[in-house]
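Here's the structure, in structure tokens; my notes come after.
Every read-out reported here was derived from the displayed coordinates using simple, explicitly stated rules and does not represent laboratory data. Since this is a predicted model, take the numbers as computed values, not measurements. Glycine gets a Cβ as well: all are built from the backbone with ideal geometry, and neighbour counts include every protein chain shown.
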């Protein structure tokens, strides 16, 4: 790819650089810990990966992490998998998340917004009181450190209270959003055998009420380990037989008691999208998440007590856990429960305006949908407080950068970030002191030795390679659930390059130190030996107004041939005629290369996604190779199974 020096789309002012937490941290770490005082972020990053132990020690001191029992050293065993962080230390995540209640009792910790778009505050003191009450009740129910507590909940304040109360008692939290069907939830919760289930009776989405009482009844039947079910009447129904009522568990006024747990004690279980087989149940630690999120939110996102942090997410996605961690920096977090585009496509911008969000996070798909729908955020909303718009879920296309710059503000900090559920954090993304280049992530994160490698393990610059991380990160999984010998964990990340984390993304690390993400390497297109990311094709094709969404698959065939179809879901009224076909192919040929032009363009009724909104590429590829549906995909992880049947029929027709 070109290594010419483009001009940045955005550059922080000298004042922004001087005021940024990461600048102050660097100056302090230079005095206290021998970090480089000049050379800016690049020098700080180099030091943070070369001197890993010192860097993480500095992070815990800068953010005043409380260790009731001190640590013997920062890193015991540093091999991956299995690195031991802060051995000997005890800690509690919830204690840190509620610290601001000591100094800012009457200010909002949470702003809760539903589809009416009115914001309802929950103060720090009230949040702390509810957590104290619920933690005491969980202990009374017999919940002990290590027990699993589950939530079938939307993005509501009760979900935050339940997570923090679980962490306070040393329990292990796990959640699914209520748009997940019973099978999807059971595929996840049955693996971890929860003792308590928090549920709603239903939820509101897109202006409609969705009753979930039947699903809840099925979950209760199919989760034999449950000792208690707690009913949250979001739709106003009475608690079902044998269930406890939320209000009775959170009404007493008791100080929270925070269990001192080992640094590597499990905090929560997240799940991979589970497009093939059962979702992986990924366990992350109280201490690992605490220090990683303090670094990520406090230094990279530059969040503090004056900020309002809004990320559009559901409880079934790691970004919800990441959003809750905004509390660690004393930030007010915004919880939006509802459709991203209700009553109109501009909904999220309205919420950013009404809550005074300073950092607003969304998906690249939403940004592109706004661009297509002709939304004008700065014209229609007062977004003066928004300093940063961050995007994740998939790479933000260059047009998305330009649109945010033109339609929100020309001095907007645009942070395209990329990480994974696997680490519940970002490998690369936001840095408040660096310029933003169109189509690029600003830099790898501190303490994250992110590299692009060729198949033999040689680092590449300005060339596409595999995303690898050569140093342990504190938030890497401590293990997968039900993986006693660690083989599933090992095979997921460490079987390609021994001792090095391979994430499964194609990336370019540029000579300027920025990062470009090209899409998943396991569904990579390989035309005549040239590897290509699907994201590049989506970006080009979806600029055409007739294309609502697309899906490109590269299928290796038994005879050694290679078939690369492009599936297109058309906008209403559009027709896939010769003229449109010609424009699709011409767009790809001119903007990418002749090698990117698909063998066929096929109109489809829709593009299937995971429940967290990612396009499903690998299972469709398997269906097209003739794999039966039950082997190709975990049905419970898909937003619309009927769509997959279309691809299955197509494969049968070709076969």
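When the Kirkwood hydrodynamic radius is evaluated over all pairs of different C-alpha atoms of the chain, what value in angstrom, to one decimal, is obtained?
25.4 Å
For the chain, what is the calculated [θ] at 222 nm in deg cm²/dmol (nearest 500), taking -39500 (n - 2.57) for each run of four or more DSSP H residues and dividing by its residue count?
It comes out at -9000 deg cm²/dmol, rounded to the nearest 500.
Return the whole-Å distance between the Cα centroid of the stretch 610-632 and the Cα centroid of the stretch 132-183.
Measuring centre to centre over Cα atoms gives 32 Å.
Determine the percent antiparallel among the DSSP beta bridges restricted to the chain, to the nearest 5.
DSSP beta bridges in the chain are roughly 55 percent antiparallel.
Give the relative contact order (percent, whole number) for the stretch 90-516; include only Cα pairs under 8 Å separated by 6+ residues.
Contact order relative to length: 15 percent.
For the stretch 522-588 and the stretch 9-73, compute the distance between their C-alpha centroids and round to whole Å.
44 Å
Compute the length gained on full extension between residue 248 and residue 260: take 0.36 nm times their separation in residues and subtract their Cα-Cα distance, giving the result in nm to one decimal.
Once the chain is fully extended between residue 248 and residue 260, it gains 1.7 nm.
Is the shape of the stretch 486-538 rounded, prolate or oblate, going by the alpha carbon gyration tensor and its root eigenvalues a ≥ b ≥ c, with a/c under 1.5 for rounded and a/b larger than b/c for prolate?
Because a/c hits 1.5 or more and a/b fails to exceed b/c, the stretch 486-538 counts as oblate.
Could you work out how much longer the chain between residue 511 and residue 641 gets when fully extended? Use 0.36 nm per residue separation minus the Cα distance between them, nm to one decimal. Present the calculation step by step, with values, prior to reporting the outcome.
Working: separation 130, 0.36 × 130 = 46.80 nm, distance 4.32 nm.
That pair, residue 511 and residue 641, stretches by 42.5 nm at full extension.
Can you put 322, 494 in order, fewest other beta carbons within 10 Å first?
So the ranking, lowest neighbour count to highest, is 494, 322.
Given a cut-off of under 8 Å on Cα pairs at least six residues apart, what relative contact order in percent is computed for the stretch 517-654?
Over the stretch 517-654, the number comes to 21 percent.
Give the peptides 548-561, 94-107 in descending order of average Cβ contacts within 10 Å, highest first.
Output ranking for 548-561, 94-107: 94-107, 548-561.
Shape call for the stretch 62-221 from the C-alpha gyration tensor, a ≥ b ≥ c root eigenvalues: rounded (a/c under 1.5), prolate (a/b greater than b/c) or oblate?
Because a/c hits 1.5 or more and a/b fails to exceed b/c, the stretch 62-221 counts as oblate.
In nanometres, what is the gap between the two model label sites at residue 217 and residue 118, each 7 Å from Cα along Cα-to-Cβ?
Modelled inter-label distance: 3.3 nm.
Which of the three applies to the stretch 1-125, rounded, prolate or oblate, going by the alpha-carbon gyration tensor with a ≥ b ≥ c and a/c under 1.5 meaning rounded?
Judged from the Cα gyration tensor, the stretch 1-125 comes out oblate (a/c at least 1.5, b/c at or above a/b).
Taking the alpha carbon gyration tensor of the stretch 503-655, what are the square roots of 5 times its eigenvalues, largest first, to the nearest whole Å?
Semi-axes from the Cα gyration tensor: 23, 20, 17 Å.
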